[in-house]
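A.B. asks: Here you go, one structure.
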Amino acid sequence: MRRWRGPYVRLNEQVVGISEPGGAFYRDVPPTRYSITVDTAGRDVNQFAEIDLAAGQQAYAKFLSLLRSWLADDCLAWGGCDTFYVRLMPAEAACPAIDRSPLYTSS
């Protein structure tokens, strides 16, 4: 049986990782404005995040899978579609969650 692979996570349209359920990953990137997106079957308003990063600044994003069935007619043939969302998180909430998560290092 094929293992489910999460969607690609992108910074300014460039793949930087894969969203693994319950997992975490880290990327060291230069300061600039970033659009944080995740590949998704469905499209919705306020689905992705934008952030301006300064030198040395850390940011945390959470990737959520919601609305699994709203595209059911098109997705039943291969087991369903997920609509993914990106949410920025404060360090106080993100760090404890990351400490409990497996860390994925490849992109």
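The values are calculated or read from the model by the stated rules, or taken from the named source; none is laboratory data. All figures in this text were calculated on a predicted structure; none of them were measured in a lab. Positions of Cβ are generated from backbone atoms using ideal geometry, with glycine treated the same way; all protein chains shown enter the neighbour counts. The area values use the complete protein model at the heavy-atom level, side chains included, leaving out ligands, DNA and RNA. Shrake-Rupley method; radii C 1.70, N 1.55, O 1.52, S 1.80 Å.
A.B. asks: Within segment 69-82, does at least one residue satisfy the condition of being outside any strand (DSSP E or B), buried (at least 18 other Cβ atoms within 10 Å of the Cβ), out of contact with any helix residue (DSSP H, G or I) (no Cβ under 6 Å at 6 or more places or on another chain) and at pLDDT below 90?
C.D. replies: Within segment 69-82 (the criterion being outside any strand (DSSP E or B), buried (at least 18 other Cβ atoms within 10 Å of the Cβ), out of contact with any helix residue (DSSP H, G or I) (no Cβ under 6 Å at 6 or more places or on another chain) and at pLDDT below 90), the answer is yes, since at least one residue qualifies.
A.B. asks: Can you pull out the residues in segment 80-92 that are touching a residue at least 12 places away in the same chain (Cβ under 8 Å) and over 15 Å from residue 26 (Cβ atoms)?
C.D. replies: 80, 81, 82, 83, 84, 85, 86, 87, 88, 90
A.B. asks: Residues being basic (Lys, Arg) and under 22 Å from residue 94 (Cα atoms): count how many of those fall in segment 1-55.
C.D. replies: Residues flagged as basic (Lys, Arg) and under 22 Å from residue 94 (Cα atoms) within segment 1-55 amount to 3.
The rows are residues; the columns are (1) part of a strand (DSSP E or B); (2) without any contact (Cβ under 8 Å) to a residue 12 or more places away in the chain; (3) in contact with a helix residue (DSSP H, G or I) (Cβ under 9 Å, 6 or more places away or on another chain); (4) surrounded by 12 or more Cβ atoms within 10 Å (Cβ to Cβ).
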| site | (1), (2), (3), (4) |
| --- | --- |
| 20 | no, no, no, yes |
| 28 | no, yes, no, no |
| 37 | yes, no, no, yes |
| 41 | no, no, yes, yes |
| 45 | no, yes, no, no |
| 50 | yes, no, no, no |
| 58 | no, no, yes, no |
| 62 | yes, no, yes, yes |
| 65 | yes, no, no, yes |
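A.B. asks: In segment 4-18, how many residues are assigned to a strand (DSSP E or B), open to solvent by 30 Å² or more (accessible area, probe 1.4 Å) and of a type outside the set (A, V, I, L, M, F, W, C)?
C.D. replies: 3
A.B. asks: State yes or no: is residue 103 modelled with pLDDT under 95, in contact with a strand residue (DSSP E or B) (Cβ under 8 Å, 6 or more places away or on another chain) and open to solvent by 50 Å² or more (accessible area, probe 1.4 Å)?
C.D. replies: yes
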